[in-house]
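Here, each number is a calculation from the coordinates, and none is a lab measurement. What you see is a predicted model, and the numbers here were worked out from it, not measured in a lab. No Cβ is skipped: glycine too gets one built from the backbone with ideal geometry, and neighbour counts run over all protein chains shown.
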There are 2 protein chains.
Amino acid sequence: MRVFNFSAGPAALPEEVLRQAADEMLDWHGSGMSVMEMSHRGPEFMSIHSDALLDLRELLAVPASHQILFLQGGGIGENAIVPLNLFGAKPRADFVITGSWSQKSQKEALKYGAAHIAASGQTEHGFTRSPSRAEWQLSDDPAYVHLCTNETINGVETFEIPDLGDIPLVADASSHILSRPMDIAKYGVLYGGAQKNIGMAGVTVVIVREDLLDRAMSICPSAFEWKTVAANNSMYNTPPTYAIYIAGLVFKWLKRQGGLAAIEARNIEKAKLLYDTIDASSFYINKVERPVRSRMNVPFFLADESRNEDFLAGAKARGLLQLKGHKSVGGMRASIYNAVPLEGVKALVEYMKEFEATHA
Amino acid sequence: MRVFNFSAGPAALPEEVLRQAADEMLDWHGSGMSVMEMSHRGPEFMSIHSDALLDLRELLAVPASHQILFLQGGGIGENAIVPLNLFGAKPRADFVITGSWSQKSQKEALKYGAAHIAASGQTEHGFTRSPSRAEWQLSDDPAYVHLCTNETINGVETFEIPDLGDIPLVADASSHILSRPMDIAKYGVLYGGAQKNIGMAGVTVVIVREDLLDRAMSICPSAFEWKTVAANNSMYNTPPTYAIYIAGLVFKWLKRQGGLAAIEARNIEKAKLLYDTIDASSFYINKVERPVRSRMNVPFFLADESRNEDFLAGAKARGLLQLKGHKSVGGMRASIYNAVPLEGVKALVEYMKEFEATHA
């Protein structure tokens, strides 16, 4: 029996994608090989790779000014890889802190230069805000401004992306990339680990404006130097071929769903159902400011936290899995990525109401 | 129809492993989830991860002095990650050059300090030797000596591993790890990308002696700092979970084959059959010195190279795939990793003899 999986990542994948991967495991399209067994330089994998790039470019409407790269190391890897690639001339950047992930990005950048905190969304209730552009106190001539556009742990999503003129905006979009259309032209760099909305853990998508490819520090490892990766079509080192294949299957699934505008409409509906349930009750609490509540990651707390274990056990018994909040904040978290169907959210809110009725 | 796949990597996997992965794709052991969908912190994946570590430790008889880490970035990533982790106190190392991969390792290390070439196996015929310890001209007090113990492109395998006393030996064993027992105690660090004998591309095994965990440069990215990775049981960042799962299935398959001593006996038989065929003919040529001929990667040339395309086309028609040599050296290369069965090598040598008989 398949469950409803609310994991924050690695996370639920579309069942159609998993079925196709299983069917093709021993013999991809009559090649006699599994995708895992193919040389990354052979015609079979090259076609998989090139389809994935084209489909992603189409889905996100990536402009010709930007290259799409496949790397390894995830978001945490990029915390170092970004300054290593952009601190060549100016080893300093500004950080807008909206939660745990942007805090980590700022701290790691200190290894390579200055990392100025331009604004913070921390309040007495934790990270519950995304400071507006008017609040950002930028330093003089930074190499870039970094923003985590969706904070997975704290459930804070930034929808208003300012125009910074000549200063490149770098966004960690790991946990909401592909959940809605985005105006890629606004970003110098936008990156994301695959294990939420793209596919399986092990591949990182980096979308980078071409004029930023020339700013690497001399100590940047070749395998992670965007210019080298771009010049080699993401094959400077052996790419994570199977992870790219799975991402490609997810891209085709997204196109069958109607693309990102259609996906966004479903995601709005799912998130509204869950937040409305939380807000209608004093039994469940979410303190994130409404305009920046994440559509992907919905953290909530039971007013009486002594009931946490009971809540999780009851959920598990109904096939509602991986609802425990991140250890740094506690409580619950429902991650409702693209692959979590509306039926899963309906089952969750029914359970929440029933649990409240029997325990309030 | 499954083919015989002689790819140098990503490469053939045991059919049993692929069948199991396909069977478990939608529901791993009644969990209701694919392994791809599991939180890396949940009990299901933790058990997969811990089994993989224990099985690998048993197969290679890794002593308690050494930790096993799962990283990302492959061998090319490690070319930077190794000096970043070992140049903290002494930014200088020595390199024994036995082919293209050790050349790349030496060149990348120059980004972080001095990279002295201690010996080279280059001859008028290319890389055909592995210089003996007596030929190594070590510098004064290097942080480590680097050796690629199996050169995938050139087909040079080093079997005699010297004792360097207090100087750590660092080995890139990507393309022959798990092909035979190795005395891990002789190595300070031994690493390998998974895509030859371990599993699918996207995970790198790093075996490191514990006293070497304290030597990182301050600029080492956290996600690739062995000490941080070790302290977090290879989960400082989200690990490539599915690649670890597939590696774990391969480890269990290797144990069912009788472990590395049994695998070595089969690999000796396979390599002997192929090299004997080459040596018995003047139609095919391999110039690597016999004691250091690789059991995993067998490059060979047709004396008349104008027949290369015919040779490859005829091979493909019989289901003998991916035999083209690396573009930097040309000719042919048969990679006969653990998962390539004796029957595959028999089919190849039959074809080679027949091709010779009809074209000589």
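Cβ-Cβ distance of A:GLU354 and A:ALA185, R₀ of 41 Å, FRET efficiency by 1/(1 + (r/R0)^6): the value works out to about 0.30. In region A:15-256, the ratio of gyration radius to Kirkwood radius, Rg to Rh, stands at 0.99 when only Cα atoms are counted. Spin-label model, A:ILE285/A:HIS116: points 7 Å from Cα along the beta carbon direction are separated by 3.7 nm. For region A:258-359, the gyration tensor built on C-alpha atoms gives a prolate shape. Its axis ratio a/c (a ≥ b ≥ c) is at least 1.5, and a/b is the larger of a/b and b/c.
For A:ALA347, inter-copy separations between label points set 7 Å beyond Cα along the Cβ vector come to 4.3 nm, shortest first.
The convex hull around the C-alpha trace of the protein assembly as shown, projected and averaged over every direction, spans 30.6 square nanometres. Placing pseudo-labels 7 Å out from each Cα toward the beta carbon at A:ASP276 and A:LYS346 gives an inter-label distance of 1.3 nm. Structure remark: mean-square fluctuation, Gaussian network model of chain A, C-alpha springs under 10 Å; the largest value among A:VAL170, A:VAL329, A:VAL205 belongs to A:VAL329.
Between copies, the label points at B:ARG290 (set 7 angstrom from Cα along Cα-to-Cβ) are spaced 8.4 nm, reported in nanometres from shortest to longest.
Farthest toward the positive end of the dipole of region B:259-359, out of B:ASN338, B:PRO299, B:ASN286, is the Cα of B:ASN338, where the dipole comes from beta carbon charges about the Cα centre. Once you reduce region A:1-42 and region B:291-353 to the center of their Cα atoms, the two points are 30 Å from each other.
With R₀ set to 25 Å, the beta-carbon distance separating B:SER306 from B:GLU124 gives a calculated FRET efficiency near 0.65. Placing a label point 7 Å from Cα along the Cα-to-Cβ axis, A:GLY330 is separated from the same position in the other copies by 7.1 nm, shortest listed first.
Look at the dipole of region A:1-134 built from charges on Cβ: of A:ALA89, A:GLY9, A:ILE48, the Cα furthest out on the positive end belongs to A:ALA89.
Taking B:GLY32, B:GLY319, B:GLY199 in turn, the Gaussian network model of chain B (Cα-Cα springs below 10 Å) assigns the largest fluctuation to B:GLY32. With r defined as the distance between the Cβ atoms of B:MET1 and B:SER132 and R0 fixed at 41 Å, what FRET efficiency is calculated, to the nearest 0.05? Efficiency for this residue pair is about 0.35. Mean sequence separation of contacting Cα pairs (under 8 Å, at least six apart), scaled by the length of region B:15-256, corresponds to a relative contact order of 27 percent. Along region B:314-319 the Karplus relation, 6.51 cos²θ - 1.76 cosθ + 1.60 evaluated at θ = phi - 60°, assigns HN-Hα couplings of x, 4, 4, 4, 9, x Hz to successive residues, with x for each Gly and Pro.
Distances between placed amide hydrogens fall under 5 Å for B:ALA114 paired with B:ARG92, B:ALA93, all partners being 5 or more residues away or on another chain. Just the number, please: percent antiparallel of the DSSP beta bridges in the protein assembly as shown, rounded to the nearest 5. Taking every DSSP beta bridge within the protein assembly as shown, about 55 percent pair in antiparallel fashion. In a DSSP loop and with at most 16 other Cβ atoms within 10 Å, the trypsin sites (Lys or Arg not before Pro) in region A:6-87 are A:ARG41. Which entries in the list A:LYS107/B:LYS227; B:LYS107/B:LYS255; A:LYS104/A:LYS316; B:LYS196/B:LYS353; A:LYS186/B:LYS104; A:LYS227/A:LYS270 go over 29 Å, if you measure between the two C-alpha atoms of each? Result: B:LYS107/B:LYS255; A:LYS104/A:LYS316; A:LYS186/B:LYS104; A:LYS227/A:LYS270 exceed 29 Å.
Measuring gaps between exposed loop sites in chain A (GluC sites (Glu not before Pro); DSSP loop; at most 14 other Cβ atoms within 10 Å), the longest gap, sites not included, is A:161-288.
Taking Cα centre as origin and charging only the Cβ of basic (Lys, Arg, +1) and acidic (Asp, Glu, -1) residues, the dipole magnitude of region B:15-256 rounds to 240 debye. What the Kirkwood sum gives for region A:1-147 is a hydrodynamic radius of 19.1 Å, with every pair of different alpha carbons counted. Charge dipole of region A:258-359 (Cα centre as origin; +1 on each Lys and Arg Cβ, -1 on each Asp and Glu Cβ, all else neutral): 320 debye, rounded to the nearest 20.
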